[in-house]
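For reference, the structure discussed in these notes is given below.
The values are calculated or read from the model by the stated rules, or taken from the named source; none is laboratory data. Quick caveat: nothing in here was measured; it's all calculated off a predicted structure. Because the Cβ atoms are built from the backbone with ideal geometry, glycine has one as well, and the counts that use them run over all protein chains shown. Just so you know, the surface numbers come from the protein's heavy atoms only, side chains and all, with ligands and any DNA or RNA stripped out. Shrake-Rupley method; radii C 1.70, N 1.55, O 1.52, S 1.80 Å.
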Amino acid sequence: MTQIAGEAASEVASPGATEIRAYDTITVTPCTPHIGAEIGNIDLTRPLSNRQVEEVHDAIIAHGVLFFRNQKIDFEAHERFVRYFGEPHIHVGGKGTASKGVPGHPAIRKQYFDANSKRVSGEEWHSDQSCAEIPPMYSVLYQEIIPPNGGGDTMFASAYKAYEELSPSMKTYLEGKTATHDGARGFDKNADVYPTAVHPVVVRHPESGRKLLFVNREFTSHINEVPPAESRHVLEFLYEHISRPHWSMRFRWTPHAIAFWDNRCTQHFAIWDYWPNVRSGYRMFVKGTERPKAA
Ligand code: SIN
């Protein structure tokens with residue numbers, strides 16, 4: 001259990017925390033005890049065996065976000081990887097939503113940022129598209145061009161560990177509360193579609209069975225059951241808590257690396273420290289299969 005000086009300790013020692021286990025077909029090297037693992041001995045430019053897919057699935061459930069380096073995938077390989085885990089999810093919200101896909105691949109979105117960019121995607125802590133009724137289960141981000149002098153890292157945080165490290169009284173307070181996730185907060189101001197959804201503040205992951213905090217600074221506008229000022233202060237505390245270094249990590253991209261993350265139990269933050277340099281890649285989502293459920 002992570003003990004933080006001056007704060008109440010968790011009531012239990014991280015139930016269901018990452019277990020170190022053996023894998024037959026891939027190598028899994030944890031980045032931190034609570035989130036992230038680098039996967040080796042795998043070639044995503046080629047079809048995977050059933051056993052490999054099973055092991056990648058087990059690894060993402062255990063670590064929340066996986067990283068694959070030196071995978072020069074094309075659009076077909078990107079989509080094939082997504083389909084091992086579900087259906088592609090078409091981005092909700094934004095201007096001309098459907099037209100933003102790559103020609104012939106509506107579920108693949110190009111991300112290209114350079115000296116002319118006014119903003120980049122994901123510059124605030126969030127889980128992808130949490131403003132959707134059924135948010136995408138996973139995201140698969142492939143980077144082709146990385147800024148030459150470093151920068152453009154992505155941070156990831158464990159929403160499990162953040163929940164587990166709340167005080168018992170805060171856990172009791174949050175139980176049963178819901179929050180509104182508003183696309184107008186996250187999408188660019190020219191968007192013509194702003195989805196909004198209400199989700200429980202504390203959610204149980206449908207596969208791991210672990211509880212987690214499901215509010216994020218980018219999309220969550222307010223907690224529904226309390227007055228606005230109380231909601232604002234509680235959310236501010238939770239946003240700060242989720243982003244603590246104790247359960248977050250920073251991934252340094254290399255060209256042709258892939259990050260594969262579970263939006264049901266992680267949040268991420270794209271650092272725009274590389275202007276005016278270029279960072280460019282392609283992102284896909286795996287469609288969610290159910291609404292986030294109260295724990
Ligand atoms: C995102 O949040 O959509 C993108 C993350 C990144 O570019 O690192």
(message) Out of the residues in the stretch 52-74 meeting the condition of being in contact (Cβ under 8 Å) with a residue 40 or more places away in the chain and over 18 Å from the mean Cα position of the chain (by Cα), tell me which one is most open to solvent (accessible area, probe 1.4 Å).
(response) Lys72
(message) Cβ-Cβ under 8 Å, sequence separation 6+ or interchain: first residue in the stretch 83-102 and closer than 13 Å to Val140 by Cα and open to solvent by 70 Å² or more (accessible area, probe 1.4 Å), partner in a loop (DSSP other than H, G, I, E, B) and at pLDDT below 80. Which pairs?
(response) none
(request) Read through the list (1) away from the ligand (no atom under 14 Å from the Cβ); (2) of a type in the set (Val, Ile, Thr); (3) open to solvent by 60 Å² or more (accessible area, probe 1.4 Å), then give the number of the only condition that Thr178 fails. (result) (3)
(request) Only residues that are surrounded by fewer than 14 Cβ atoms within 10 Å (Cβ to Cβ) and of a type in the set (A, V, I, L, M): list them for the stretch 114-128, please. (result) Ala115
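Could you identify the single residue in Val102, Val92 that is within 15 Å of the ligand (Cβ to nearest atom) and at pLDDT below 95? Break it down into steps so the answer makes sense when it comes.
Details: Val102 fails: within 15 Å of the ligand (Cβ to nearest atom).
When all the criteria are applied, what remains is Val92.
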(request) Only residues that are more than 14 Å from the ligand (Cβ to nearest atom) and in contact with a Gly (Cβ under 6 Å, 6 or more places away or on another chain): list them for the stretch 137-157, please. (result) Met137
(message) Of everything in the stretch 251-295, what is part of a strand (DSSP E or B), more than 11 Å from the ligand (Cβ to nearest atom) and either small (Gly, Ala, Ser) or surrounded by fewer than 19 Cβ atoms within 10 Å (Cβ to Cβ) (or both)? Give them in sequence order.
(response) Ala294
(message) For the list (1) within 9 Å of the ligand (Cβ to nearest atom); (2) under 28 Å from Glu76 (Cβ atoms), I need the number of the one condition that Ile134 fails.
(response) (1)
